[in-house]
Amino acid sequence: QVQLVESGGGLVQAGGSLRLSCAASGRTFTNSFKGWFRQAPGKEREFVAFINWSGAFTDYNYSMKGRFTISRDNAKNMVYLQMNDLKPEDTGVYYCAAGPYGSRQDWQYSGWGQGTQVTVSS
């Protein structure tokens, strides 16, 4: 089991920035890939980014690449998502996930956090 807790969400104006954090605990060696997903009410969960165990390999949703940056600090068991130039369409609940695969598909992740709300005003 992998326990994940997200933090750092909040209300921000369009063009602003936020940094989300994900604290991981438990068995993190097997589920070494970490991903970020987001979901707005009534919409399907959307892939944001993932990162491998070392941080050397990352992948992004094309619409967010360049604005969002995923990183990790294994010594602290932390994963981060730096979000810049935020837009109203970025509004949603952001989830941290852990899994054995480098995947853009949510069902391939084994553990999920509770989510943190990000609201971007126009």
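Go through (1) open to solvent by 20 Å² or more (accessible area, probe 1.4 Å); (2) hydrophobic (A, V, I, L, M, F, W, C); (3) within 23 Å of Val2 (Cα to Cα) one by one and return the number of the condition Ala98 breaks.
Result: Ala98 fails condition (1) only.
Residues that are within 18 Å of Gly15 (Cβ to Cβ), among the β-branched types (Val, Ile, Thr), touching a strand residue (DSSP E or B) at 6+ places or on another chain (Cβ under 8 Å) and buried (at least 16 other Cβ atoms within 10 Å of the Cβ): does region 106-116 have at least one?
Residues of region 106-116 within 18 Å of Gly15 (Cβ to Cβ): none.
No, region 106-116 contains no residue that is within 18 Å of Gly15 (Cβ to Cβ), among the β-branched types (Val, Ile, Thr), touching a strand residue (DSSP E or B) at 6+ places or on another chain (Cβ under 8 Å) and buried (at least 16 other Cβ atoms within 10 Å of the Cβ).
Can you name every residue in region 75-95 that is open to solvent by less than 70 Å² (accessible area, probe 1.4 Å) and not hydroxyl-bearing (Ser, Thr, Tyr)?
Result: Met78, Val79, Leu81, Gln82, Met83, Asn84, Leu86, Pro88, Asp90, Gly92, Val93.
Can you confirm whether region 52-74 contains a residue that is open to solvent by 70 Å² or more (accessible area, probe 1.4 Å) and under 17 Å from Gly113 (Cβ atoms)?
Looking through region 52-74, none of the residues is open to solvent by 70 Å² or more (accessible area, probe 1.4 Å) and under 17 Å from Gly113 (Cβ atoms).
Among the residues of region 29-51 satisfying the criterion of being open to solvent by 30 Å² or more (accessible area, probe 1.4 Å) and in contact with a strand residue (DSSP E or B) (Cβ under 6 Å, 6 or more places away or on another chain), which is nearest to Gln1 (Cα to Cα)?
Ranking the candidates gives Phe33 first.
If I ask for residues that are of a type in the set (A, V, I, L, M, F, W, C), closer than 24 Å to Ser63 by Cβ and in contact with a Ser or Thr (Cβ under 9 Å, 6 or more places away or on another chain), which ones from region 5-40 would you list?
Of everything in region 5-40, those that are of a type in the set (A, V, I, L, M, F, W, C), closer than 24 Å to Ser63 by Cβ and in contact with a Ser or Thr (Cβ under 9 Å, 6 or more places away or on another chain) turn out to be Leu11, Val12, Ala14, Leu20, Cys22, Phe33, Ala40.
Only one of (1) among the aromatic types (Phe, Trp, Tyr); (2) farther than 27 Å from Ser122 by Cα; (3) without any contact (Cβ under 8 Å) to a residue 24 or more places away in the chain is not met by Phe57, so which one is it?
Single failed check for Phe57: (3).
Out of the residues in region 1-26 that are in contact with a Gly (Cβ under 9 Å, 6 or more places away or on another chain) and not in a strand (DSSP E or B), state the one that is least open to solvent (accessible area, probe 1.4 Å).
Gly9
Kindly list, by first and then second residue, each pair from a residue in region 13-34 that is more than 17 Å from Gly55 (Cα to Cα) and touching a residue at least 40 places away in the same chain (Cβ under 8 Å) to a residue that is open to solvent by 60 Å² or more (accessible area, probe 1.4 Å) and among the small types (Gly, Ala, Ser), limited to pairs with Cβ atoms under 7 Å and residues at least 6 apart or on different chains.
These pairs meet every condition: Ala14/Ser122.
Find all pairs meeting these conditions: Cβ atoms under 8 angstrom apart; at least six residues apart or on different chains; first residue within region 73-92 and free of Cβ contacts under 8 Å to residues at least 24 places away in the same chain; second residue outside any strand (DSSP E or B) and open to solvent by 70 Å² or more (accessible area, probe 1.4 Å).
Asn74/Trp53
The values are calculated or read from the model by the stated rules, or taken from the named source; none is laboratory data. Everything quoted here is computed from the prediction, not taken from an experiment. Cβ sites come from the backbone with ideal geometry, for glycine too, and all protein chains shown count toward neighbours. Heads up: the accessible areas ignore ligands, DNA and RNA and are worked out on the full protein's heavy atoms, side chains in. Shrake-Rupley method; radii C 1.70, N 1.55, O 1.52, S 1.80 Å.
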